[in-house]
Amino acid sequence: MNLRPFITRTGTLGAIAAVFAFSATPAMAQVSDSATVNANAELLAVTPPLSVTGTSDLEFGSLNIPNGVVSERFCVYDVPANGTPTRTVRETDTLFNVIDAVLPTPSNCDASGSFNPARFAVACSAATPTTFTAVIEDSGLNNGFILNSDGIRIAALHKGATNNGFVNSTISNTIVATCPDGFTSGTTAGELDILVGARLAVDLGAAANPSTTAGTITLTATY
C-alpha cells in the first residue's frame with residue numbers, strides 16, 4: 001500500500017493547522033499618551049534700594065571776621081568729617097597760603113561754639129560697593145566768605161556712629177564704601193551714614209550775622 005500521498009496531505013494539513021493556531025494568539029500592541037504644559041514665571045525688574053536723606057546741616061559755629069589790621073587776609077575755618085573733635089583755624093593770604101595758625105591770629109581769626117559736619121542717612125543694598133559724591137554750592141562769593149570746595153572732606157560710617165565705626169574717609173569729594181551686610185557687630189544691614197566737612201574762608205567784607213547760610217552741600221549716591 002502506498003502511503004506517500006497520505007503523508008503528504010497529512011503534513012500539509014498539520015502545517016496549515018499550525019498557522020491557524022499561531023494566528024489565533026492575540027498581538028500585544030504598545031499603548032502611550034503624552035501631554036505638554038508651559039513653564040511660567042513672573043520676572044520682575046527690581047531696582048536696588050538706594051536713598052539719601054540729609055539729617056543735619058554742617059555747622060561751623062561762631063567765627064570771627066578778620067579785624068582789618070592786616071589787609072587782604074582771610075580767616076579760614078575747617079570742619080573735619082573724620083570724627084576729629086578739633087576745628088582748624090588759620091589766617092591766610094588771598095591765595096590761601098597760611099600766614100598764622102596760632103590763635104588768636106594777627107587778624108583775630110578765632111572760633112567758638114559747637115561745630116559739626118553735615119550728616120546724611122543712606123539706605124543701600126547690603127554688601128554693595130557704593131560711590132558717594134558731595135558737591136558744594138557756594139552762596140557767599142560776593143558776600144565776604146567762600147565755602148571752599150577744595151577743603152571738602154567726606155567719611156562713611158556705621159549708622160548712628162560718632163567718633164568710631166568708620167567705613168572709609170578721605171580728603172576728597174568722592175568716596176567708595178561698601179554698604180554694611182549687618183553681620184558685623186554694631187552695624188545695620190543696608191544702612192550707613194555719610195559725614196561731609198568743608199572749609200569756610202571769611203574776609204573783611206563779610207557782615208556780622210548770627211545766622212549766615214554759606215551755601216549748600218548735596219550728596220549723591222550711585223551703584
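The values are calculated or read from the model by the stated rules, or taken from the named source; none is laboratory data. Not measured: the values here are computed from a predicted model. Virtual Cβ from ideal backbone geometry, glycine too; neighbours counted across all protein chains shown. Ligands, DNA and RNA are stripped out before the accessible areas are found, and what is left, the full protein with its side chains, is counted by its heavy atoms. Shrake-Rupley method; radii C 1.70, N 1.55, O 1.52, S 1.80 Å.
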Lone unmet requirement of (1) surrounded by fewer than 20 Cβ atoms within 10 Å (Cβ to Cβ); (2) in a strand (DSSP E or B); (3) within 33 Å of the chain's Cα centre (by Cα); (4) not hydroxyl-bearing (S, T, Y) for I99: (3)
Does segment 82-91 hold any residues that are open to solvent by less than 40 Å² (accessible area, probe 1.4 Å) and modelled with pLDDT of 95 or more, and which are they? V89, E91
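Per-residue answers, yes or no, for (1) under 32 Å from the mean Cα position of the chain (by Cα); (2) among the hydrophobic types (A, V, I, L, M, F, W, C); (3) open to solvent by 50 Å² or more (accessible area, probe 1.4 Å):
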site: L103; (1), (2), (3): no, yes, yes
site: A123; (1), (2), (3): yes, yes, no
site: A127; (1), (2), (3): yes, yes, yes
site: S139; (1), (2), (3): yes, no, yes
site: D150; (1), (2), (3): yes, no, yes
Which one is nearest to the chain's Cα centre (by Cα), of the residues in segment 33-70 that are open to solvent by less than 70 Å² (accessible area, probe 1.4 Å), of a type outside the set (V, I, T) and closer than 30 Å to Y223 by Cα? L50
Filter segment 189-220 down to the residues that are within 19 Å of F120 (Cβ to Cβ) and open to solvent by 50 Å² or more (accessible area, probe 1.4 Å) and list them by number. A189, E191, T213, T216, T218, T220
Somewhere in segment 171-183, is a residue at pLDDT below 90, of a type in the set (V, I, T) and surrounded by fewer than 20 Cβ atoms within 10 Å (Cβ to Cβ)? yes
Within segment 152-170, tally of residues that are open to solvent by less than 60 Å² (accessible area, probe 1.4 Å) and either without any contact (Cβ under 8 Å) to a residue 12 or more places away in the chain or among the basic types (K, R) (or both): 1
Report whether or not T94 is surrounded by fewer than 17 Cβ atoms within 10 Å (Cβ to Cβ) and over 29 Å from E72 (Cβ atoms). no
Considering only residues that are polar (S, T, N, Q) and modelled with pLDDT under 85, look in segment 11-55 and name the one that is nearest to A134 (Cα to Cα). T47
Pick from segment 71-81 the residues that are in a loop (DSSP other than H, G, I, E, B) and not charged (D, E, K, R): which of them is surrounded by the most Cβ atoms within 10 Å (Cβ to Cβ)? A81
Would you be able to tell me the number of residues in segment 113-129 that are outside any loop (DSSP other than H, G, I, E, B) and farther than 11 Å from P49 by Cβ? 6
